[in-house]
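The values are calculated or read from the model by the stated rules, or taken from the named source; none is laboratory data. Because the structure is a prediction, the values reported are computed rather than measured. Virtual Cβ from ideal backbone geometry, glycine too; neighbours counted across all protein chains shown.
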Amino acid sequence: MSLLRRSARWSAKVRFVVFPAALGLSGLACRSGAPPQAASGPGQAPAEGSRALLIAAELKEDPEIAKAFREYYTKYEYRVPMRDGVHLFTSVYVPKDRSRTYPMLMERTPYGIAPYGVDTYPEHHLRWLVPYLREGYILVGQDVRGCFMSEGTFVDIRPHAANERGIDESTDTFDTIDWMVKNVPANSGKVGLWGISYPGFYAAQGAVNAHPALKAVSPQAPVTEWFLGDDVHHNGAFLTAGNFDFISMFGKVRAKPVKPDKEQWQPIDRDGEDAYDFFLDIGSLANVNARHFEDKMPFWNEIMQHETRDAFWQVRDPRPHYKNAKPAIMTVGGWFDAEDLFGALATYRAFEQQSPGADNTLIMGPWHHGGWIGQGGDHLGNVTFGADTSEFFREHIMFPFFQRYLKGKSVEPPRPEAWVFETGTNTWQRYAAWPPAEAKPVFVSFRTGGKLSASPASASEGAGGFDAYVSDPAKPVPYRDKFSVEIDETYMVEDQRFASRRPDVLTYETGDLESDVTLGGPIEARLWVSTTGTDADFVVKLVDVYPQDYPDPSPNPQGVRMGGYQQLVRAEIMRGKFRTSFEKPVPFEPGKPSLVRFSIPDTLHTFRSGHRIMVQVQSSWFPLVDRNPQTFMDIRRAKDTDFHVATHRIYHTAAMPSGIEVSLLRGKLP
C-alpha cells in the first residue's frame with residue numbers, strides 16, 4: 001500500500017517512483033464504482049519515420065527528458081473491459097515510430113496514473129525512464145479496480161477468487177494484457193510487469209495464472225502479508241504511526257471516479273507535534289476513531305476488528321498462490337526498507353518454493369523503501385555505501401532483466417540467483433541461492449555481565465542467570481532519539497546509543513572482533529522470559545558497534561560523531577501472547593518462564609575487524625508500534641486504565657539459553 005506511509009510529504013517521496021504516469025500523484029480515489037468519463041481510443045497514430053529515441057541517451061535533466069517523451073511518444077487513454085463488465089482506466093504511451101514493434105512495460109497501481117488527459121505528459125522524476133525511451137518500450141499504467149478513474153469496488157489486498165468465474169487481481173491483469181496485445185498499436189505481443197510497494201503486490205499477482213504474453217515480472221518491495229511482517233503488523237504487533245498517517249489519506253471512500261486534481265492528500269494535522277508525544281497523548285488505540293477518524297475510515301475499523309490472524313488476514317496472504325509461475329520473476333527489496341523488507345524476502349521464497357521451474361531471482365540493496373529508483377543510493381542517514389547503488393541497480397540489473405525477456409537481448413555475465421549488497425564492506429555479492437548454501441546456523445547466547453558469545457552457557461549459570469528490567473507503558477522506549485513529526489525511515493540505520501543507555505533496554509555485546517564476521521541469511525530470536533504481567537512485547541535489535549576511533553564524515557556540517565556509533569542492522573518485534581499461535585493467543589503465567597522465538601528478517605552484513613556485535617532487548621518501540629498494556633486482552637479495545645507497569649526477566653542459563661541464531665557466512669564468532 002504501503003501502510004507505513006508516514007505522511008503526505010513523506011509518502012510523496014516514494015510514490016513518484018512507481019510509473020511515469022503516476023508522477024503527478026496528489027490524492028487517492030478508491031471506492032465503490034460508477035462509470036468513469038469517456039476515454040479516448042487509439043485513433044490513427046502518425047507515422048514518424050524510423051528514427052529511434054537515440055537522443056534519450058544524452059538526456060540528464062527532467063525538462064529535456066519530458067520534451068523528448070512528448071516529441072517521440074503518443075499518449076492514449078483506454079477503458080479496458082474486464083470479464084465481469086467493469087472497465088479499468090489505462091494510460092498507454094506508444095512510440096510514434098511505427099517502423100517496428102515494441103514490448104509493453106506495465107504498472108498497475110491504486111495511487112493514480114496522473115497526469116490524466118491525452119494531451120498531458122509526466123514532467124518530473126523521469127531519469128529512470130531514459131534507457132526505456134532509448135531502446136523503445138510502450139509504457140502502460142492502470143488504475144486498479146475501484147481507484148481513481150477505474151470502475152468497480154476497491155478491496156485492500158484483494159483475496160484470490162474462490163473459483164474460475166470470480167475476479168481478483170490476477171484475472172484483472174490477465175484481461176488487461178489480453179486486451180492490450182489485441183488493441184494497442186505497434187506492440188510486439190510481449191509484456192513486462194513491475195511495481196513498488198502496493199504496485200509490487202499487483203505485479204506479483206500478475207504472475208499467478210499469467211497471460212502467455214507476460215514474459216517478465218518484477219515485484220519490488222511488494223506488500224505481502226499484513227499480520228506477520230508487512231505494513232500493518234509485525235508478528236501481531238500493530239504498527240501505529242504509519243497506519244494512522246496513511247489510512248487518514250488512503251482510507252477515504254470515494255463515491256465516484258475522480259481525477260487526482262479534484263482531491264488532495266490531507267493527513268490528520270498534527271500541528272508540528274513530536275510523533276512520540278502525539279501518539280502518547282492519544283492513549284489507547286480505542287480512542288483513535290472517535291478522536292480523529294470519526295468513523296469515516298472503513299479500513300481502520302476493519303483492522304481494529306481483527307486483532308488475531310483470523311480468516312480476514314489469512315485470505316489476504318498471497319504467498320500460497322505463488323505457484324507454477326511461467327514468467328521470469330525478479331523480486332527486489334531494500335535491506336533498510338521500513339515497510340516491506342519482509343515482503344521482498346517472503347515473495348522471493350514463495351515463488352522459489354512453489355514455482356521450481358521458474359527463472360526466479362532475488363535482488364537486495366542498501367535502500368529504504370523505493371530508494372533504488374530515485375537518485376542516490378550512496379547513503380542512508382549517517383551510514384554510507386561507497387557508490388550510487390541505485391543507479392547501478394537501474395542500469396545493470398533492472399533494465400537488462402526486461403531487455404532479456406522482452407527483447408531477447410542477453411546480458412553477460414548472466415544474472416545470478418541472488419544479487420545482494422553486503423553492508424559493512426559495501427560490495428555487491430552474487431550467490432547461486434539465497435540464503436547462501438555456505439551459511440551455517442550459529443546460536444549466539446546472552447551471558448552474565450551483558451556479554452554475547454557463541455559458546456554455550458555453562459552449568460554454573462544457574463538460578464541467578466537472568467537480567468530484569470521494568471517496562472512502563474507510560475514511558476515507552478522511543479524508536480529513535482530525534483524529534484520527528486513523521487516516521488523517518490532512516491531509523492533503520494540509526495545510532496542506538498540512546499536506547500542502550502536506558503534502564504529498560506538490555507544490551508549484550510562481544511569484545512572487539514579480531515577479524516571480519518559476515519552474517520548472510522535468516523536470523524531467529526530465542527528468548528526465555530518471564531513477566532509479572534500476562535502479556536508483553538519483545539523487541540530484539542542486532543547492532544554494529546563502531547570503534548571509538550572510527551572517522552567522522554568529511555565534510556561534517558551536522559557534527560556527527562561516528563566513534564562508538566551503534567548502527568542498527570536489523571530489528572524485529574514479537575507480541576508475546578502470539579508466541580505459540582497467531583490465531584489463538586495465550587497469556588503468560590506471571591513469574592513462569594516461557595520460550596518466545598520469532599524470525600528476524602535476513603541480513604547480509606559484515607561486522608568489520610575492531611567492531612563489536614551487540615544485541616539489544618526491550619519491550620516497546622514507540623510510536624512505531626502500539627503499546628502493549630501488559631495485560632492479556634484485545635488491545636484494540638483496551639481502556640487507558642488497562643495499561644500497567646511490569647517487570648520482565650530474560651534468562652540465560654544452560655537450561656534456558658536466550659540469544660539469537662544467525663547465519664554465519666564468513667569469519668568466526670567469539
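Among the candidates 159, 222, single out the residue that is buried (at least 21 other Cβ atoms within 10 Å of the Cβ), within 14 Å of residue 321 (Cβ to Cβ) and at pLDDT 95 or above.
Being buried (at least 21 other Cβ atoms within 10 Å of the Cβ), within 14 Å of residue 321 (Cβ to Cβ) and at pLDDT 95 or above holds for just one of 159, 222, which is 222.
Only one of these conditions is not met by residue 179: (1) under 23 Å from residue 321 (Cα atoms); (2) modelled with pLDDT of 95 or more. Which number is it?
(1)
Hey, among the residues in segment 115-152 that are among the aliphatic types (A, V, I, L, M) and in a loop (DSSP other than H, G, I, E, B), which one's nearest to residue 98 (Cα to Cα)?
This residue is 118.
Checking residue 339 against (1) of a type in the set (Asp, Glu); (2) under 15 Å from the mean Cα position of the chain (by Cα); (3) at pLDDT 95 or above, only one condition comes out false. Which one?
(3)
Answer yes or no: is there a residue in segment 563-573 that is free of Cβ contacts under 8 Å to residues at least 12 places away in the same chain and in the same structural domain as residue 445 (by TED's automatic domain parsing).
no
Are there any pairs, at least 6 apart or on different chains, whose C-beta atoms fall under 6 Å, with the first in segment 425-436 and on the phi < 0 side of the Ramachandran plot and the second surrounded by 14 or more Cβ atoms within 10 Å (Cβ to Cβ) and charged (D, E, K, R), and if so, which?
Qualifying pairs under 6 Å: 429/422; 432/417; 433/417.
Taking the options 340, 310, 359, 317, name whichever one is of a type in the set (D, E, K, R) and surrounded by 24 or more Cβ atoms within 10 Å (Cβ to Cβ).
340
Of the residues 500, 471, 484, 458, only one is small (Gly, Ala, Ser), surrounded by 17 or more Cβ atoms within 10 Å (Cβ to Cβ), at pLDDT below 90 and not assigned by TED's automatic domain parsing to the domain that holds residue 371; which?
484
Kindly provide the set of residues from segment 370-425 that are of a type in the set (Phe, Trp, Tyr) and touching a helix residue (DSSP H, G or I) at 6+ places or on another chain (Cβ under 7 Å), ordered by number.
Listed by number, the residues that qualify are 372, 399, 419, 421.
Can you pull out the residues in segment 634-670 that are closer than 30 Å to residue 464 by Cβ and part of a loop (DSSP other than H, G, I, E, B)?
Once the filter is applied, which keeps residues that are closer than 30 Å to residue 464 by Cβ and part of a loop (DSSP other than H, G, I, E, B), segment 634-670 yields 644, 645, 652, 653, 654, 655, 656, 657, 658, 668, 669, 670.
Please tell me if residue 394 is in contact (Cβ under 8 Å) with a residue 24 or more places away in the chain, part of a helix (DSSP H, G or I) and among the charged types (D, E, K, R).
yes
Restricting attention to segment 124-171, which residues are over 30 Å from residue 391 (Cα atoms), of a type in the set (A, V, I, L, M) and in contact with a helix residue (DSSP H, G or I) (Cβ under 7 Å, 6 or more places away or on another chain)?
157, 161
Quick one: which residue in 26, 11, 50 is at pLDDT below 50, not aliphatic (A, V, I, L, M) and not in a loop (DSSP other than H, G, I, E, B)?
So the residue among 26, 11, 50 that is at pLDDT below 50, not aliphatic (A, V, I, L, M) and not in a loop (DSSP other than H, G, I, E, B) is 11.
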